[in-house]
Amino acid sequence: MKFFVSAGHPMYKGAAGILDETVVDRAVVKELDLVLREMGHIVTVLNSESAKDYVEEVQVANSSSYDWYVDIHANCYHKESANGVETLVYADNKPQAHAISKNISDLGFYNRGVKTRTDLYILKNTKAKALLVECFFISNQNDCDLYNKIGPKKIAIAIAEGLTGEKYKSNVTVIEKPVNTPSQVKPTNDNWVRRLQQECNMQGFSNQKVDGYPGPNTLKGCPIMRQGARGNITKLLQEKLINLGYNLGQYGADGVFGAATYNAVVKFQKANGLTPDGIVGQNTWRKLLNL
Ligand SMILES: [Zn+2]
């Protein structure tokens, strides 16, 4: 599915309670973007600096076709007692909205359910199905304490699962077998594709011919990698980056996807016209494989 995701109040500061709404909105959106992409969906995050108002925001979203427009907010009220999650829709014909409120309430927030709002510009004017999540109340101490405890990623997962009806299962290769032999040697390019094919087969990401020639099956068999991954595929990724001239710092190709590898990936992505998010997905692998 294709999602257009926006953090509330892109063009000015949102409500300020115990926590700052704009900060919360952006933190949740950042995780929602990663989670949905890890689940295999296509996500466009509104560049908050580029839209001057809601009218323009909706124009951007309507210029392409999306399945969903998701607007992320946090609620604020002058009475501290108000608390919990609610999802706003133009018409209450979206079971996904109920699922989102339910999933977030399962994290410990009070479930205020789904509210119909016909007065909100975004909900009214987007071509895509739209909903707005008020994740919790930044004016309520308990809500803020809970948010500080669980962090934005759990909320993002709750939203993503509610939207898609799918279970979030990170397919990041943190389950890779650890390597014990850090390599400081600048590796040669010989055999790199062959070893990558072999390793992807061994770890169950692919079942492809190991022939040293990169093709669509090689690409398909490469897992999504991000900071925190460790193992032989990480090591092969690092070897390739070193070979291409990127500096991985003192540890070299050690099989641990840390900050140096992240920085090298971002540089590689920038140099190749890719989104510089530090996540090695299909587009980045394609360039690494020279496909
Ligand atoms: Zn708001």
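Details
- Report summary: the helix-based calculation at 222 nm, which adds -39500 (n - 2.57) for every DSSP H run with n ≥ 4 and divides by the residues of the chain, gives -11500 deg cm²/dmol.
- Averaging the sequence gap over all C-alpha pairs within less than 8 Å and six or more residues apart, then dividing by the number of residues, gives the chain a relative contact order of 16 percent.
- For the chain, convex hull volume per residue from C-alpha positions, Å³: 145
- Exceedance of the 22 Å cut-off in Cα-Cα distance is limited, within the set LYS102/LYS124; LYS127/LYS270; LYS220/LYS240, to LYS102/LYS124; LYS127/LYS270.
- When segment 1-138 is reduced to its Cα atoms, the Kirkwood hydrodynamic radius in Å: 15.1
- Here's the picture: a label point sits 7 Å out from the Cα of ARG194 along the beta-carbon direction, and within segment 215-256 the residues with their amide nitrogen under 16 Å of it are 215.
- The chain: DSSP helices with Cα axial extent of at least 20 Å and average Kyte-Doolittle hydropathy no lower than -1.0: 21-38
Quick note: the coordinates plus some simple rules give every number you see, no bench work behind them. If you're wondering where the values come from, they're calculated on a predicted model, not measured in any experiment. Neighbour counts are summed over all protein chains in view; Cβ atoms, including those assigned to glycine, are modelled from backbone coordinates with ideal geometry.
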